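*Asks:* The structure follows.
The values are calculated or read from the model by the stated rules, or taken from the named source; none is laboratory data. Being a predicted model, the structure only gives us computed values, none of them experimental. Note that each Cβ is placed from the backbone with ideal geometry, even for glycine, and that neighbours are counted across all protein chains shown.
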Amino acid sequence: MGDIVDIILPGNENSFTVGSRQENASIGDLSEFHRKLLDDPVTATLATINADGQPQLSPVWLNHDGTHINLNTVKDRLKDRNLRARPRCSIMVVDPESTYHWMTIYGEAVDFVDESDPARGQEATDNVNALSKTYIGEDPYPYRDPKGEERVVIKIKPTKFITFGAPE
């Protein structure tokens, strides 16, 4: 991804002012610099809310369709149950090459496509295979439970993006 120059280390004047923090309203409003965090194989952290109100964090692979952030999981895992019950969430993506280049996405789960859906279920299978190809270079996804599992693609509608580290 991009090189960050002139990093000011903690304890020095103006520390932690690498780049700027910006708000964006949609994927289309993101600079190419930040859209790479969504397009490249960067493992993100998804925050959902448990039934008892505690936050729950999960590492996730993601992709997007230009409008929604797409996540894929096994149906009925905790993140799936949490988002069906409480659809608000946030996702943090940090550039593994520079922790001063990151993005937080606030949004809401607006669609769940279960693999068992006769009309749309293939979308969940295709999505996990596309993610697998992007993240580990294998298609189809090789880590399915041999005893069986149902995948679900969860579509997150972003409501706000906070970006940090983009060149001016």
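*Asks:* State all residues of the range 102-143 that are out of contact with any Lys or Arg (no Cβ under 7 Å at 6 or more places or on another chain) and of a type in the set (V, I, T); if no residue qualifies, say none.
*Replies:* T104, I105, T134, I136
*Asks:* Pull up the range 42-61, narrow it to residues that are over 10 Å from the mean Cα position of the chain (by Cα) and assigned to a loop (DSSP other than H, G, I, E, B), then point me to the one that is nearest to S132 (Cα to Cα).
*Replies:* Within the range 42-61, the match that is nearest to S132 (Cα to Cα) is N50.
*Asks:* Could you check E149 against (1) at negative phi; (2) more than 16 Å from the chain's Cα centre (by Cα); (3) not in a loop (DSSP other than H, G, I, E, B) and say which number it fails?
*Replies:* (3)
*Asks:* Restricting to the range 142-168, and then to whatever is crowded, with 19+ Cβ neighbours inside 10 Å and modelled with pLDDT of 90 or more, can you tell me which residue is nearest to V74 (Cα to Cα)?
*Replies:* Checked the range 142-168; the qualifying residue nearest to V74 (Cα to Cα) is R151.
*Asks:* Okay, next question. Keeping to the range 62-103, report how many residues are modelled with pLDDT of 95 or more, polar (S, T, N, Q) and within 26 Å of K133 (Cα to Cα).
*Replies:* Going through the range 62-103 one residue at a time, the tally reaches 6.
*Asks:* Consider E97 carefully, then state whether it is surrounded by fewer than 14 Cβ atoms within 10 Å (Cβ to Cβ) and in contact (Cβ under 8 Å) with a residue 60 or more places away in the chain.
*Replies:* yes
*Asks:* Output the number of residues of the range 108-131 satisfying the condition of being without any contact (Cβ under 8 Å) to a residue 24 or more places away in the chain and within 20 Å of the chain's Cα centre (by Cα).
*Replies:* Adding up the residues that qualify gives 2.
*Asks:* Kindly evaluate P55 against the criterion of being modelled with pLDDT of 95 or more and more than 23 Å from K157 (Cβ to Cβ).
*Replies:* In short, no.
*Asks:* Does the range 77-94 hold any residues that are among the aliphatic types (A, V, I, L, M), more than 15 Å from T159 (Cα to Cα) and surrounded by 19 or more Cβ atoms within 10 Å (Cβ to Cβ), and which are they?
*Replies:* Result: L83, V93, V94.
*Asks:* Can I ask one more? Out of the residues in the range 74-130 that are of a type in the set (D, E) and in a strand (DSSP E or B), state the one that is nearest to D145 (Cα to Cα).
*Replies:* D114
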